[in-house]
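*Asks:* The structure that follows is given in the form of structure tokens.
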Amino acid sequence: MNDKSKNKISEQMFWNLLDSSPIPYIYVDPKLEILRLNVSFQSAFGYSEEDFSSLDGFWHLAFPSKIDYEWATKTWIQNFQLITTDHKNQTPVEFEINCKDQSKKIVSVNFSILEEESPAPYIIILSDITQIKIQQEKDRRNTQLLEASQSIAKVGGWEVDVDSGELFWTNETYQIHDLDPTKFDPLVDSAIDFYLPDSQTKIKTAIDKAIQDCVGYDLELELNTAKNRQIFVRSTCEVTEFEGKSKKLTGIFQDITDQKQKEALIKNLLNEKEMILKEVHHRIKNNMNTISSLLDMQAHHIQNQEIRTILADAVSRIHSMMVLYDKLYLSKNQNSVSLKEYLPTLLTEIIRIFSSNKSIELVLDIDDLVLTPRYLSPMGIMLNELITNSLKYAFRSRSGGKIFVEAKQSNIGIYFSYSDDGPGYPDFTIIDKSNGFGFTLIRLIAKQLRTDINFREKSGRTEVILEFPCSDLR
């Protein structure tokens, strides 16, 4: 086989090699005329040898902007000159290329020369790095966003390699400690030194347990920063283990000083509010007690029995309100009281004051329903009216009797019934139409509770029934 045939075979092998490469190639002569575009180039960018015959034609298509065209041509020619004189491959250069379908691709361009031939042609290798650059941009933005989020939230990260003892801090962890990342190399012992004595003991114990028992922690601690600022921090730890042994400790480090200060402020404000509220209840109760005493004194100086009875009723109503304030004052939650606690106390107190030594037995069936004063107060006034009515009329000629009170949760809200074992009423309409102050007040209370008063006969007793909706039932 002669040399000409050998050269032809070698050339064909070279072209086959270019065409089989998954990387786009441009093969040009020293005058920058296109000799060959491999298959991968045509597939990647959509251009064929019919679209241009020289690199300049390619540049006009690939870089349609005048500024991009001028910069690209200048850069490519400089690289050709350098590899021609130095015979060394140059550092790859990144370009954004306009494809035939008008899409954009970012490529890393390498320039090479075939020194075996003279004059030597050039090979331009265009590696598509579009997805790599997109991912790099995502990673950059994620990192930037993460660092910004950490800075805003004052949350840093840390990690310890248990075997080597190497400690890594994120930038925000340095910031929290008032340290310069370029001037401080964190070690576990030096990091612990920032904590106040009590916190040092806690963190040392927690780290030992994390390493020995693979148990993480979540602690609130106090430390002095490098600038001697005393702050509160939250330090958490999760353990990565292998075959039952701790390999890595990872956690967050958060400055919670503002949060702790706000919590302390809120706690002080709540304590002040509680003290003020108790003082208000106490003063209101004292004022009601004063009014009650004045009315009671006035009643003793009046001969007219009807007026004395009216004043006594007023005193009774005030006492029912005082019982409510007592319950609110003593309750852990001063915004609500259980019916099971409130109603028996109220009933006993009213009977004690106004029963005139009669023996009254209370028969109660009351659920443990927690209500606010919005409902408790009208219910207390209503009970006061019903009991005083029983004491006046049902037990007038008797030494005692029974009072039945039921308060249950129903589908509507609260089911309430009251009765005594007195003679009852022969005609319910008489009660319903009564113009007496007591029943007038009860009807007003029923209206306030968004319901009506009902009466029924039960086991020989006249039962007063109210069933009303309750929005704050707990």
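The values are calculated or read from the model by the stated rules, or taken from the named source; none is laboratory data. Predicted, not measured: the structure shown is a model, and the values here were computed from it. So basically every Cβ, Gly included, is an ideal-geometry build from the backbone, and we count neighbours across all protein chains shown. Each accessible area value is taken on the protein alone, full model and side chains, heavy atoms only, with ligands, DNA and RNA left out. Shrake-Rupley method; radii C 1.70, N 1.55, O 1.52, S 1.80 Å.
*Asks:* I'd like the full set of residues that are part of a loop (DSSP other than H, G, I, E, B) and either of a type in the set (S, T, N, Q) or surrounded by 12 or more Cβ atoms within 10 Å (Cβ to Cβ) (or both), limited to region 164-194.
*Replies:* Within region 164-194, S164, E166, T170, H177, D178, L179, P181, T182, F184, P186, L187, F194 meet the criteria.
*Asks:* If the requirement is being aliphatic (A, V, I, L, M) and in contact with a Pro (Cβ under 6 Å, 6 or more places away or on another chain), which of these qualifies: L167, L196?
*Replies:* On inspection, the qualifying residue turns out to be L167.
*Asks:* Consider region 233-264. How many of its residues are of a type in the set (F, W, Y) and open to solvent by less than 70 Å² (accessible area, probe 1.4 Å)?
*Replies:* Final tally of qualifying residues: 1.
*Asks:* Quick one: how many residues across region 433-465 are closer than 15 Å to G380 by Cα, in a loop (DSSP other than H, G, I, E, B) and among the charged types (D, E, K, R)?
*Replies:* Counting residues in region 433-465 that are closer than 15 Å to G380 by Cα, in a loop (DSSP other than H, G, I, E, B) and among the charged types (D, E, K, R) gives 0.
*Asks:* Looking at S331, S320, S356 in this structure, which one is at pLDDT below 85, buried (at least 18 other Cβ atoms within 10 Å of the Cβ) and among the polar types (S, T, N, Q)?
*Replies:* None of the others qualify; the one that does is S320.
*Asks:* Check H301 against each of (1) more than 17 Å from I387 (Cβ to Cβ); (2) in contact with a Leu (Cβ under 9 Å, 6 or more places away or on another chain) and name the one condition it does not meet.
*Replies:* H301 satisfies all of (1) more than 17 Å from I387 (Cβ to Cβ); (2) in contact with a Leu (Cβ under 9 Å, 6 or more places away or on another chain) except (2).
*Asks:* Does region 17-28 contain any residue that is charged (D, E, K, R), within 21 Å of D128 (Cβ to Cβ) and either in contact with a helix residue (DSSP H, G or I) (Cβ under 8 Å, 6 or more places away or on another chain) or modelled with pLDDT under 85 (or both)?
*Replies:* Yes, region 17-28 contains at least one residue that is charged (D, E, K, R), within 21 Å of D128 (Cβ to Cβ) and either in contact with a helix residue (DSSP H, G or I) (Cβ under 8 Å, 6 or more places away or on another chain) or modelled with pLDDT under 85 (or both).
*Asks:* Can I ask one more? Quickly run through region 257-281 and pick out the residues that are β-branched (V, I, T) and either outside any helix (DSSP H, G or I) or closer than 20 Å to N335 by Cβ (or both).
*Replies:* Of everything in region 257-281, those that are β-branched (V, I, T) and either outside any helix (DSSP H, G or I) or closer than 20 Å to N335 by Cβ (or both) turn out to be I266, I276, V280.
*Asks:* Just the residues that are surrounded by fewer than 15 Cβ atoms within 10 Å (Cβ to Cβ) and assigned to a strand (DSSP E or B), please, taken from region 198-218.
*Replies:* Across region 198-218, the qualifying residue is only D218.
*Asks:* Just checking, does region 146-163 include any residue being over 30 Å from S43 (Cβ atoms), among the aliphatic types (A, V, I, L, M), in contact with a Gly (Cβ under 6 Å, 6 or more places away or on another chain) and surrounded by 13 or more Cβ atoms within 10 Å (Cβ to Cβ)?
*Replies:* no
*Asks:* From the list S108, S53, S112, which one is over 12 Å from I124 (Cβ atoms), in contact with a strand residue (DSSP E or B) (Cβ under 6 Å, 6 or more places away or on another chain) and touching a residue at least 12 places away in the same chain (Cβ under 8 Å)?
*Replies:* Matching residue, one of S108, S53, S112: S53.
*Asks:* Determine whether region 71-80 contains at least one residue that is modelled with pLDDT of 90 or more and hydroxyl-bearing (S, T, Y).
*Replies:* Yes, region 71-80 contains at least one residue that is modelled with pLDDT of 90 or more and hydroxyl-bearing (S, T, Y).
*Asks:* Still on this structure, I have one more. Out of region 125-174, which residues are β-branched (V, I, T) and within 20 Å of V93 (Cα to Cα)?
*Replies:* I125, I129, T130, I132, I134
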